[in-house]
Structures are given as C-alpha cells and as structure tokens.
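Visitor: Quick one: the structure is below, and I'll ask about it shortly.
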Amino acid sequence: MARVRFAPSPTGYLHIGSARTALFNWLYAHRYGGAYILRIEDTDKVRSEKRFLEEIMESLKWLGLDWDEEPIKQSERFDIYRKAAEDLVNKGKAYREGEAYIFKVDKGRSVEIDDMIHGKITFNTDDIKDQVMIKSDGSPAYNFCCVIDDAFLKITHIIRGDDHVSNTPKQVLFYEALGIMPPKFGHMPLIMGQDGSKLSKRDGGTAVEEYRREGFLPEALVNYLLLLGWSPGGDREIMPLDEAVKAFDINHMKGVQAKFDIQKLRWMNGEYIMAKKAEALMPLIKKQFLASGKAVPEDNILLKVAELYKARIKTLSEFITLTDCFFGDDYAIDEKGREKHLSSAESKTILSEFADRLEKTGDFAHKTIEDACRIMAEEKKMKAGTIIHPTRMAISGKTQGAGLFEMMEILGKDKVIERMRKAAS
Ligand code: GLU
C-alpha cells in the first residue's frame, strides 16, 4: 500500500505549484491504492499563520483533493525531533554546538537517488555541509523533521517540486543514520511563467484562491494542473479527475519544465462551464454575484441568461460583467460602441422605426423579433446589421453578446422598447 503526503508550510496562500504537487500525490494514492496524508510544516512560528492554514485546507477541499488521515502538525512535535537528534548525538553521528544539534556528514562518498521522474541523480558528500537538525532556538531544520515525520508516517513515495532535489541527498543521509529505508522520490519540474521565469502575478496569479475568486471551476483548474505534469497520451486534454485516476501512470510524468498558460486555462474553464447544465451553474453564479457585492437575480431569469451565455464565458466573473444588462438598468456602456452605432440621426431613426414595428408584434419570441427585423431590412433595402448593431447597443450597452433576438426575448417587450426609445431620443 502506498502512503504519500502533501506537506505545505502555512506561511502563505496555497500556491498553484503546491496545488499541483498535492494533485499528483492525491492521484498516486488513488491510482495505486493507499493513503494521501496532509502534514502541516509549521515549524516557523513567526511566519506560519492560522489564516493561511485555513485557506490551504479550504482550497484543497475546493479542488477535491481531500486527505485521508488526521493531519499532523510539526509545531506539536518539537520534543520528538529533539529526542531523535539526541539519539544521533549519543550514537556519535551528530554533535552539539551550544543549543544546536548538528549532524556529521561523512565526506568523500556519493549518494545516489533513483528519481521516479528524472532517473538516477548522483551527489557527492564533499558538497554537503554538516547539517543542522535542531537550531539554537529549539526549532527543527526542515530536512531533519521532514525525515523524522516521513518515517513516522511510513511514507512510501515522495512527490514534490524540483526545488527539493538538492535536499534529497541530505535527507537520504538522515535515513541511513537512523537505519531506515528511504522512500522513493519523484521531483516535478517547477511551473514557470510564460517568459520562463518564476511564476508571478503577470501570468494570471500564483494563489489558488485568486483563481477561485475569478470564477474558475475546480474541475478545470485540476485538469489544467494535471496537464502540467503528465500527459494522458495523444491529443487528449480534457480529462476529469475521476478518469485521470484510472489512466494515470507515474512512469509517464513529464520531466520537462512546464509553462503556465492562462489562456489555455481560460479555454479549459470555458469548456467545463459549457459542459455543465445551466441548473448546475446556478449556485456557482449566485456565489459570484454575492462575492462581487451585487444583488443575486431571480432564479427564472438567471437560469435563462445562464443557458444563453454558458457557451460564451471563460470564467464566472465574466458572466457577471457580460450579462449586467439583464439585471437592472444600471449596466455598463461601451462608449466607443455607442459612438459608432448610436450617435447618428440615421441610427436613431432606424431604432425608432424598429421599436414601432416591435410594438405591434403579437408575441415577443426571438423568432418573431427576428422576422420583424428581416422584414424591415428587406423593405428598407438595408442590411440586417444596420438594424442589429444599434439595437444591440441600445438594449445591452455592448457591441457583443449572445444572439440579439434571444437576448431581447429574455429582456421582454416592455424593457426592450423602453431602452430603444431612450436611445433613439
Ligand atoms: N514544506 C515543504 C514545502 O512546502 C515540503 C517539502 C516536501 O514535500 O518535502 O516546500
């Protein structure tokens, strides 16, 4: 049975790169059978904060990466680390320097790691200094407590970022000194920004929390992160977590650096939004309204608008901005569009005449509205666009959106004519 762990330090929000690490550990446990454990590395008492820990746990749950056992916290285990360090001093493998405990590194030998992703990596101990186990302030050093806890938790596989490759030989030396078989290691190349440097705000954000706020679906984010470490083969890109669990193969994880591409993530999010039923999107959209401080619209109109727009939006926050004309008269106006389509006397005359014709229609189904538009265009020998553009501007304040006639049907006859008359005046 595999036992894997995700070991965040609660000194900041859950980073996109850490979320990917969590995902692959979770996948490993679910694919090969075993436990996925959460360990809180809060040894830095000054920088670790409760709010960060809460956010990390909440983001993990939101992503669907729930852990299997009660999480352990390193801040509660200082006595255990000190005891283990003392044992190594008593065995002559370490020494004291004041309050600190230091591990002796034997020089002139090599340490080999058979990395699950990179293959064999060899280190020379001449390049490794004696290792602090317990600092003089009594707190444990990362490499030491990490090994004590991985051994205590009986971790079989460690999957983490490449930034820990250089720590691995040090950890292997601790395992040797403790007489414990080291687990298997797999290091994933870090996620880089578009220009090849460290991922930053410019690339779309570094915290999972930001994507959540922006209205990305957890399924889409997980699917995107999956592709940054593993390829399901062929051209396949859309692969939900439950299918990934069946298809995942640790031997096919990518050893090459991954670039974070926000446009691709947006595309993928759009695909997931489109695939959902409008009913299923409703609670998510409502949350987005609440989060943006706007009143939540009534269910029946919201459902219709969601149906009309779900194939056009890439994020849920886009839904709010694109559809504001349906939920009150205080919607944003594209000034350039107004100038272009609504400023001339001719466009006002057209709008007025179209409004007159619409007033006389029996019903206000989109088909009826479309027919009225077509007939007017034929009679006036003008292109339908000459009627459509000013009308779209008049009723929505935008130059783009869903199909105009469907929009008009949802808005209803009274509101449409009121807005057209106002724009024509
Ligand atoms: N707290 C470490 C980190 O967040 C964990 C490293 C590890 O997985 O061993 O980078």
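Visitor: Mind listing just one residue for me: the one in the range 151-164 that is within 13 Å of the ligand (Cβ to nearest atom) and in a loop (DSSP other than H, G, I, E, B) and, of those, nearest to PHE260 (Cα to Cα)?
Guide: The extreme case among them is ILE155.
Visitor: Can you list residue pairs whose Cβ atoms sit under 6 Å apart, with the first residue in the range 401-425 being of a type in the set (Gly, Ala, Ser) and the second being assigned to a helix (DSSP H, G or I) and open to solvent by 50 Å² or more (accessible area, probe 1.4 Å)? Count only pairs 6 or more apart in sequence or on different chains.
Guide: Filtered contacts from the range 401-425: ALA424/LYS348.
Visitor: Another one. Identify all residues within the range 202-245 that are acidic (Asp, Glu) and surrounded by fewer than 16 Cβ atoms within 10 Å (Cβ to Cβ); write none if there are none.
Guide: GLU210, ASP235, GLU237, ASP242, GLU243
Visitor: Ok, one more. For the range 350-370, give me each residue that is in contact (Cβ under 8 Å) with a residue 60 or more places away in the chain and buried (at least 17 other Cβ atoms within 10 Å of the Cβ).
Guide: LEU351, PHE354, ALA355, LEU358, listed by residue number.
Results for (1) surrounded by 20 or more Cβ atoms within 10 Å (Cβ to Cβ); (2) away from the ligand (no atom under 16 Å from the Cβ), shown as yes or no for each residue.
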| position | (1), (2) |
| --- | --- |
| GLU99 | no, yes |
| ASP127 | no, yes |
| ASP149 | yes, no |
| SER166 | no, no |
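Visitor: GLU41 - would you say it is open to solvent by 60 Å² or more (accessible area, probe 1.4 Å) and modelled with pLDDT of 95 or more?
Guide: For GLU41, the condition - open to solvent by 60 Å² or more (accessible area, probe 1.4 Å) and modelled with pLDDT of 95 or more - is not met.
Visitor: When the residues of the range 181-201 are filtered to those that are in a loop (DSSP other than H, G, I, E, B) and within 13 Å of the ligand (Cβ to nearest atom), which remaining residue is least open to solvent (accessible area, probe 1.4 Å)?
Guide: So the residue we want is PRO183.
Visitor: Has the range 69-76 got at least one residue that is aliphatic (A, V, I, L, M) and either over 40 Å from the mean Cα position of the chain (by Cα) or open to solvent by less than 40 Å² (accessible area, probe 1.4 Å) (or both)?
Guide: Among the residues of the range 69-76, at least one is aliphatic (A, V, I, L, M) and either over 40 Å from the mean Cα position of the chain (by Cα) or open to solvent by less than 40 Å² (accessible area, probe 1.4 Å) (or both), which makes the answer yes.
Visitor: Related question: Among the residues of the range 321-349, count how many are in contact with a helix residue (DSSP H, G or I) (Cβ under 6 Å, 6 or more places away or on another chain) and open to solvent by less than 40 Å² (accessible area, probe 1.4 Å).
Guide: Counting residues in the range 321-349 that are in contact with a helix residue (DSSP H, G or I) (Cβ under 6 Å, 6 or more places away or on another chain) and open to solvent by less than 40 Å² (accessible area, probe 1.4 Å) gives 8.
Visitor: For the range 380-389, state whether one or more residues are open to solvent by 20 Å² or more (accessible area, probe 1.4 Å), closer than 15 Å to ILE350 by Cβ, small (Gly, Ala, Ser) and without any contact (Cβ under 8 Å) to a residue 60 or more places away in the chain.
Guide: Yes: one or more hits.
Visitor: Is it the case that some residue within the range 19-28 is open to solvent by 70 Å² or more (accessible area, probe 1.4 Å), away from the ligand (no atom under 13 Å from the Cβ) and in a helix (DSSP H, G or I)?
Guide: No, the range 19-28 contains no residue that is open to solvent by 70 Å² or more (accessible area, probe 1.4 Å), away from the ligand (no atom under 13 Å from the Cβ) and in a helix (DSSP H, G or I).
Visitor: Open to solvent by 30 Å² or more (accessible area, probe 1.4 Å), of a type in the set (A, V, I, L, M) and either within 23 Å of ASP115 (Cβ to Cβ) or in contact (Cβ under 8 Å) with a residue 24 or more places away in the chain (or both), is that true of LEU178?
Guide: It is true that LEU178 is open to solvent by 30 Å² or more (accessible area, probe 1.4 Å), of a type in the set (A, V, I, L, M) and either within 23 Å of ASP115 (Cβ to Cβ) or in contact (Cβ under 8 Å) with a residue 24 or more places away in the chain (or both).
The values are calculated or read from the model by the stated rules, or taken from the named source; none is laboratory data. This one's a predicted model, so the numbers in the text were calculated from it and none came from an experiment. Don't worry about glycine lacking a Cβ; one is built from the backbone with ideal geometry, like all the others, and counts go over all protein chains shown. Heavy atoms of the whole protein, side chains included, go into the accessibility calculation; ligands, DNA and RNA do not. Shrake-Rupley method; radii C 1.70, N 1.55, O 1.52, S 1.80 Å.
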